[in-house]
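Taking it in order: structure first as structure tokens, then the write-up.
The values are calculated or read from the model by the stated rules, or taken from the named source; none is laboratory data. Everything numeric in this text was worked out from a predicted model, so none of it was measured. Here the Cβ positions follow ideal geometry from the backbone for every residue, glycine too, while neighbour counts run over all protein chains shown.
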Amino acid sequence: MSKNAENQVDSHEAADQDRATLDNIDASTKKTAQVVPFKPSGKRPANAQFDEWLTRNLHELYDPVLKEPLPEMLQKLLDSIPDKKD
């Protein structure tokens, strides 16, 4: 097998691993996150209430994702970037 073909196989395997990681993140997020419908209470302006509701629900949905480790392929890519010298 040529090096190009080996690299393509490796890249497909890495992509499959990344898809599996994203599927796991998506599944765990769906299990823990529950979006509460927006219902203005009338005590404050509706736009301020909506902003608070949106912020709270976005945190509920995405905070667990931010705690996940980077996929290995992405970490390798970031590690391969040379340090910027002044």
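Worth a mention:
- Count - residues of region 58-72 that are assigned to a helix (DSSP H, G or I) and either touching a residue at least 24 places away in the same chain (Cβ under 8 Å) or of a type in the set (Phe, Trp, Tyr) (or both): 6
- Any hit, region 31-53, residues being aliphatic (A, V, I, L, M) and either modelled with pLDDT under 65 or touching a strand residue (DSSP E or B) at 6+ places or on another chain (Cβ under 9 Å) (or both): yes
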